[in-house]
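Throughout, read-outs are computed from the coordinates displayed, never taken from laboratory work. All of these numbers come straight from a predicted model, not from anything done at the bench. In this analysis, Cβ positions are derived from the backbone assuming ideal geometry, glycine residues included, and neighbour counts consider all displayed protein chains.
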Amino acid sequence: MTACRMGFGMQVDMARPKAPPNGLAMTHHIGALHDHALQLTFPGQPEQVRQALQDVLASPPLADLAQDIRGTAEIVLAEVFNNIVEHAYVEHGGNITLRLGRQDGVLLCEVSDTGAPMPGLCLPAGQFQPLEDLADLPEGGFGWYLIRNLTEGLTYRRLNGGNRLSFQLATKQSGA
Amino acid sequence: MELVAQERAGVLVIRAMRDRIDAASAIQFKDKMRELTGNSTAPRVVLDMSNIAFLDSSGLGAVVAVLKLLAPDRKLELSGLTPTVQKVFRLTRMDSIFVIHDGVPDGFRHAG
């Protein structure tokens, strides 16, 4: 097994799936869906990603949150979905499943696909590229940087031939 | 990706009419921008983004590509960034690269 270099707040769990202890691991499993929970499955294609984002933003739990939080959620979900379309499903297509739950001031998000694993079974570092010479400005590579910047508890698991990314988003505006 | 261009006094203002520049529309946006800016010799190009509610990293990459396409002789400036778009520019520090206007430059406000 390749060892992942751990980023802040990141875990890679390569263990076989096992039942979470009762009452635990709710940040990783949105199993018992609460009020304001949502599950959506859609084809991993750009047009469908756009439609899914619009549908999710217009539905609870996101529809009820402040505009700033909704904007952050849209950025993160778009980047996560686009990465799946552009990387996991580059060889063959498949569906993306989003599960959202709201609990104790956070949105629990879980995104699954059945595509290719992350290279080395690790999440990309998403390091910031310094912006210097205009001719060398990056035109890509912002996705993981944005995801890491805007989420907490980012966790990647390869399970049963699929990928599962879970993370949390604050539902209240930070003072920053 | 519908874009409307209007030129006055050396400034080409291009207004995005759709509400997003995303992975599904980024290439089309870039091609259309290349075409519109290619039809003009205005040294300043202002992209009016006031209709754009959402821009993802593919969209950001496309805007950066247009900036690079016009350089070094011509400049791409931006105006009317909505809150989510502003956040993407701020987090990626691209707000330090572009000249960003709050509104559309004077003289264009009531035009078109």
Can you tell me which residues in region B:35-62 are away from chain A (no Cβ under 14 Å) and either surrounded by 14 or more Cβ atoms within 10 Å (Cβ to Cβ) or under 11 Å from the mean Cα position of the chain (by Cα) (or both)?
B:Leu36, B:Thr37, B:Ser40, B:Ala42, B:Arg44, B:Val45, B:Val46, B:Leu47, B:Asp48, B:Met49, B:Ser50, B:Asn51
Against the condition within 14 Å of another protein chain (Cβ to nearest Cβ) and either in contact with a strand residue (DSSP E or B) (Cβ under 7 Å, 6 or more places away or on another chain) or among the small types (Gly, Ala, Ser) (or both), how does B:Ser79 come out, does it pass?
no
Looking only at residues in region A:64-79 that are small (Gly, Ala, Ser) and within 8 Å of chain B (Cβ to nearest Cβ), which one is nearest to B:Ala24 (Cα to Cα)?
A:Ala78
For region A:45-57, check the following and say yes or no: at least one residue is among the small types (Gly, Ala, Ser) and either over 15 Å from the mean Cα position of the chain (by Cα) or more than 24 Å from B:Lys87 (Cα to Cα) (or both).
no
What's the number of the condition A:Thr97 fails, among (1) farther than 14 Å from A:Gly115 by Cβ; (2) among the polar types (S, T, N, Q); (3) away from chain B (no Cβ under 11 Å)?
(1)
Which ones in region B:7-17 are surrounded by 15 or more Cβ atoms within 10 Å (Cβ to Cβ) and out of contact with any Ser or Thr (no Cβ under 6 Å at 6 or more places or on another chain)?
B:Val11, B:Val13, B:Ile14, B:Arg15, B:Ala16
I'm told B:Ala65 meets every condition in (1) of a type outside the set (Val, Ile, Thr); (2) more than 9 Å from chain A (Cβ to nearest Cβ); (3) farther than 18 Å from A:Thr72 by Cα except one. Can you identify the failing condition by its number?
(2)
Can you confirm whether B:Asp22 is in contact (Cβ under 8 Å) with a residue 12 or more places away in the chain and buried (at least 18 other Cβ atoms within 10 Å of the Cβ)?
yes
Testing A:Ser59 on (1) within 12 Å of chain B (Cβ to nearest Cβ); (2) of a type outside the set (A, V, I, L, M, F, W, C); (3) surrounded by fewer than 18 Cβ atoms within 10 Å (Cβ to Cβ), one condition comes back false. Which one is that?
(1)
Look at B:Thr84 and say whether it is under 30 Å from A:Thr151 (Cβ atoms) and surrounded by 18 or more Cβ atoms within 10 Å (Cβ to Cβ).
yes
